[in-house]
Amino acid sequence: MLPCRFLVPPCRHGCAGMSRVPRLIGYALMAAAALLAVAMRRGAIDAIGPFPVVAVALLIGMIGVMLVFTDLMVRGLYAQVGAAQSAKAEGQAERDGGD
């Protein structure tokens, strides 16, 4: 199995050890799609190879949105799991200390 390049060691703020690189790539793809749409609207570009600019802009924008939302959902899931583990450990400590 290949190592994942997007995982980094945990930071001092308690994050899950994930990099923001995929989300930033998603934002860059969405910006590129917006720039393509503006260029098409001004008439600077009609087609990119055999594909219309609208199709390319939509595809690039959708990939960017998927990267951003996936990153945010995974971070939210890690936060929920971390909160559940903290609550479980806290409950264990209370039970052990109360005996």
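The values are calculated or read from the model by the stated rules, or taken from the named source; none is laboratory data. Note that this is a predicted model, so its numbers are computed, not measured. Here the Cβ positions follow ideal geometry from the backbone for every residue, glycine too, while neighbour counts run over all protein chains shown. Heavy atoms of the whole protein, side chains included, go into the accessibility calculation; ligands, DNA and RNA do not. Shrake-Rupley method; radii C 1.70, N 1.55, O 1.52, S 1.80 Å.
If I ask for residues that are farther than 30 Å from Met18 by Cα and among the aliphatic types (A, V, I, L, M), which ones from the stretch 29-76 would you list?
Leu36, Ala37, Val38, Ala39, Met40, Ala44, Ile45, Ala47, Ile48, Val53, Val54, Ala55, listed by residue number.
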Please name all residue pairs, on different chains or six or more residues apart, with Cβ atoms under 8 Å, provided the first residue is in the stretch 65-90 and is touching a residue at least 24 places away in the same chain (Cβ under 8 Å) and the second residue is of a type in the set (Phe, Trp, Tyr). Val68/Tyr27
For the stretch 73-85, check the following and say yes or no: at least one residue is of a type outside the set (Gly, Ala, Ser) and within 18 Å of Ala32 (Cβ to Cβ). no
Quick check on the stretch 66-99: of everything there that is among the acidic types (Asp, Glu), open to solvent by 70 Å² or more (accessible area, probe 1.4 Å) and in a helix (DSSP H, G or I), which residue is modelled with the highest pLDDT? Glu90
